[in-house]
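Readers should treat all values here as calculations from the given coordinates under stated rules, not as data from a laboratory. Predicted model, so just to flag it, every value in this text is computed and none were measured. Methodologically, a virtual Cβ is constructed for each residue, glycine included, from the backbone with ideal geometry; neighbour enumeration extends over all protein chains shown.
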Amino acid sequence: MAATQQQQYYELYRRSSIGAAMTDALDKFITEGRIAPQIAIKMLAHFDKVVAEVLGDKVKARLTFKGHLDTYRFCDDVWTFIIKDITFKLDNASSLHSDKVKIVSMNSKKPGEA
C-alpha cells in the first residue's frame, strides 16, 4: 500500500459500548479544550482500524445460533437481520438465549478494494 493511500474502515464499532464510551470521552476532551477535533477524528479512525484488525486476526471463538427470522433487508451492500427467540451455542457447549437480536453483516472490504 502506498504511503499516500490510506485504507478506510467501517465505523460500525463506534456504536458499540466501548466505541460510544470513547466517543463521549473524546467529546468531553474537545469541549474542555484538552484536544483538537482533528486529533479526535484521527483517534476514531485508528479505533476503527484496530477493532477490525483484532476481530479479524485474534478472535477464534465460534458459535452457532437458531431462531426465527423476523425481518431482513439488503441495502448498500449491507445485510440486516432481525432474529427472534434466538439461542446461541458456544464452542464450550454452553447456551445463551435472547428474545430478539439484530445482526448487521457486510463485506470486510469496501466496494472497489482489491
Helix-derived [θ] at 222 nm for the chain: sum -39500 (n - 2.57) over DSSP H runs of at least 4, divide by residue count, nearest 500? -10500 deg cm²/dmol
T71: net charge of surrounding residues, Cβ under 13 Å, Lys/Arg +1, Asp/Glu -1, itself excluded? +3
Note down the magnitude of the dipole of the range 12-57 about its Cα centre, charges +1 on Lys and Arg C-beta and -1 on Asp and Glu C-beta and zero elsewhere, to the nearest 20 debye. 100
Note, D85: beta-carbon cut-off 10 Å, +1 each Lys/Arg, -1 each Asp/Glu, net +1
Can you put R62, R14 in order of Cβ neighbours within 10 angstrom, beginning with the fewest? R62, R14
Quick one: compute the contact order of the chain, relative version, from alpha carbon pairs under 8 angstrom and 6+ residues apart, as a percent. 17
Within 13 Å, Cβ to Cβ, of K102, how many net charges do the neighbouring residues add up to if Lys/Arg are +1 and Asp/Glu are -1? +2
Gyration tensor (alpha-carbon) shape descriptor, the chain, a/c threshold 1.5: prolate
What pairs from K49/K102; K60/K84; K60/K89 go past 18 Å between their alpha carbons? K49/K102; K60/K84
15 Å cut-off, amide nitrogen to a point 7 angstrom out along D85 Cα→Cβ, residues in the range 92-107: 97-101
For labels at I103 and E53 in the simple 7 Å Cα→Cβ model, what's the distance in nm? 2.8
In terms of the Cα gyration tensor, with a ≥ b ≥ c the square roots of its eigenvalues, is the range 63-106 rounded because a/c is under 1.5, prolate because a/b exceeds b/c, or oblate? oblate
